[in-house]
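The block underneath contains the structure these notes are about, expressed in structure tokens.
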Amino acid sequence: MRQPSHGGNLAWAAAVAGCSADAIVDFSASISPLGPPQSAIAAISSQISNLRHYPDPDYSELRLALGNFHQLPIEWILPGNGSAELLTLAGRELAQAATILITPAFGDYYRTLTAYNARVLEFPLLSAESGVLSGIQNLLSNATCFQSAKPPNAVAPQHALNAPLPLTAPSTDYALLLNNPHNPTGKLFTREAILPLLSQFALVVVDEAFMDFVPPDEEQSLIPVVQEYPNLVVLRSLTKFYSLPGLRLGYAIAHPDRLHKWQLWRDPWPVNTLAAAAAIAALQDEEFQAQTWQWLPSARQQLFQGLTSIPGLQPHPSAANFLLVETQQSTVQLQQKLLQQYQILIRDCLSFKELGDRFFRIAVRSHSDNHRLLTALNTIVNSP
């Protein structure tokens, strides 16, 4: 069985571990361990009899629930079959300009950009001496044009973030794709750092798949300003925070004209009846939301401190529900040992070409699961 490029492949993990998929403790997929909410489960059960009917093609109730949640007119909201479907639609527009991408980058970004033969400029986050967003802004301020962009499968240059590049094309011919909090580092960009860039690109797509995990008094979403910028698209996921990845549900927030165009490009009924019902219930579940914001900081800190205490492991601070960890030994070997000896699955970072075999990513899980992982890691790392 082929090794997965995404996390959460329990069939592969079970084959390696020699056990059932149910026995695997999955740290590879950044999904909340608290869900799914009972409110969502109840909503799914209530809609079983409606499976004989097609979903509402306009998803009026779902869009209304999302509109109430974000205080937006429903015309600015487009539900999708996971944020992955909406990213594919965004990729078609990103390909009309050269796309700036902060690396290491989620593999699906390359998938959609490659599908439309987009040109890509990569900016390394981990090696940047100053903030990567301010570096991009410096380039725009000091030069009206960028160096010719490379196709997605080319080796991109590691640009100095404080130096202008050779001039070949106007900056309005460029787009920006970033995620916030950043995956896989967990870095949270401030709204103030992103705002100056919105007026300097033809299109800005911000993937906020993990923004739900940031408490309301700390979150940096661009949704509050989306109506001020017709070139801004915000992508959100409902599956990670509410632990519903099997339902495949996300949504885009953007100018209604753009969303209407996207609707013409895609298949009908992308969101199934059960997913729509679960989403409506989950959005209204304030108790579950508060429980998540209360659980995450202490669980993440427990995991971070435990990793720091293990020789050879260096976790990166994170605002999301996962941690990126640098290791002195092969991640592939570590992953195999954890599976075969402890039935624990971690996410290798081989799909992030800048990271390779010396980084792994782990989700924040319950305190007991985190303790189980730390005990296993400590034993493996310290064994001869």
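Structure data summary
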| read-out | value |
| --- | --- |
| Hits in the range 309-339 - residues which are in a helix (DSSP H, G or I), surrounded by fewer than 21 Cβ atoms within 10 Å (Cβ to Cβ) and in contact (Cβ under 8 Å) with a residue 60 or more places away in the chain | Q336 |
| From the options W269, W265, residue that is in contact with a Lys or Arg (Cβ under 9 Å, 6 or more places away or on another chain), modelled with pLDDT under 95 and over 30 Å from S383 (Cβ atoms) | W265 |
| Subset of the range 241-254 (residues that are touching a helix residue (DSSP H, G or I) at 6+ places or on another chain (Cβ under 7 Å) and open to solvent by 50 Å² or more (accessible area, probe 1.4 Å)) | R248 |
| The range 270-329: number of residues that are among the β-branched types (V, I, T) and at positive phi | 0 |
| Some residue of the range 15-37 being without any contact (Cβ under 8 Å) to a residue 12 or more places away in the chain, in a helix (DSSP H, G or I) and either of a type outside the set (A, V, I, L, M, F, W, C) or closer than 28 Å to P224 by Cβ (or both) | yes |
| Residue among S83, S46 that is over 23 Å from P184 (Cα atoms) and of a type outside the set (A, V, I, L, M) | S46 |
| Flag if R236 is under 21 Å from S318 (Cα atoms) and of a type in the set (K, R) | yes |
| Residues that are open to solvent by 60 Å² or more (accessible area, probe 1.4 Å) and at pLDDT 95 or above, drawn from the range 55-70 | E61, L64, N68, F69 |
| Hey, E287 open to solvent by 70 Å² or more (accessible area, probe 1.4 Å), assigned to a loop (DSSP other than H, G, I, E, B) and either free of Cβ contacts under 8 Å to residues at least 60 places away in the same chain or over 28 Å from D22 (Cβ atoms) (or both) or not | no |
| Near pairs, Cβ below 6 angstrom, 6+ apart or cross-chain, from the range 255-271 (under 14 Å from L87 (Cα atoms)) to any residue that is assigned to a loop (DSSP other than H, G, I, E, B) | P270/N81 |
| Considering residues of the range 219-240 that are under 18 Å from the mean Cα position of the chain (by Cα) and over 23 Å from L113 (Cβ atoms) only, the residue surrounded by the most Cβ atoms within 10 Å (Cβ to Cβ) | L238 |
| Hits in the range 213-234 - residues which are free of Cβ contacts under 8 Å to residues at least 60 places away in the same chain, outside any loop (DSSP other than H, G, I, E, B) and touching a strand residue (DSSP E or B) at 6+ places or on another chain (Cβ under 9 Å) | V225, L232, V234 |
| The lone exception for Q302 - which of (1) part of a helix (DSSP H, G or I); (2) within 16 Å of N183 (Cβ to Cβ) it fails | (2) |
| Hits in the range 190-212 - residues which are among the charged types (D, E, K, R) and in a loop (DSSP other than H, G, I, E, B) | E208 |
| Filter result (among the aliphatic types (A, V, I, L, M) and open to solvent by 10 Å² or more (accessible area, probe 1.4 Å)) within the range 103-125 | A115, L125 |
| Single residue of I44, I77, I48 found to be aliphatic (A, V, I, L, M) and open to solvent by 70 Å² or more (accessible area, probe 1.4 Å) | I48 |
| Pairs where the first residue, in the range 57-76, is of a type in the set (F, W, Y) and the second is surrounded by fewer than 19 Cβ atoms within 10 Å (Cβ to Cβ) and not in a helix (DSSP H, G or I), C-beta under 8 Å, 6+ apart | W76/H255 |
| Among residues of the range 340-384, those that are under 25 Å from the mean Cα position of the chain (by Cα) and assigned to a loop (DSSP other than H, G, I, E, B), counted | 10 |
| Among residues of the range 349-377, those that are open to solvent by 10 Å² or more (accessible area, probe 1.4 Å) and either touching a strand residue (DSSP E or B) at 6+ places or on another chain (Cβ under 9 Å) or closer than 19 Å to F106 by Cβ (or both), counted | 13 |
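The values are calculated or read from the model by the stated rules, or taken from the named source; none is laboratory data. Because the structure is a prediction, the values reported are computed rather than measured. Here the Cβ is made from the backbone with ideal geometry for all residues, glycine too, and neighbour counts use every protein chain on show. Calculation scope for accessible area: heavy atoms of the full protein, side chains included, ligands and nucleic acids excluded. Shrake-Rupley method; radii C 1.70, N 1.55, O 1.52, S 1.80 Å.
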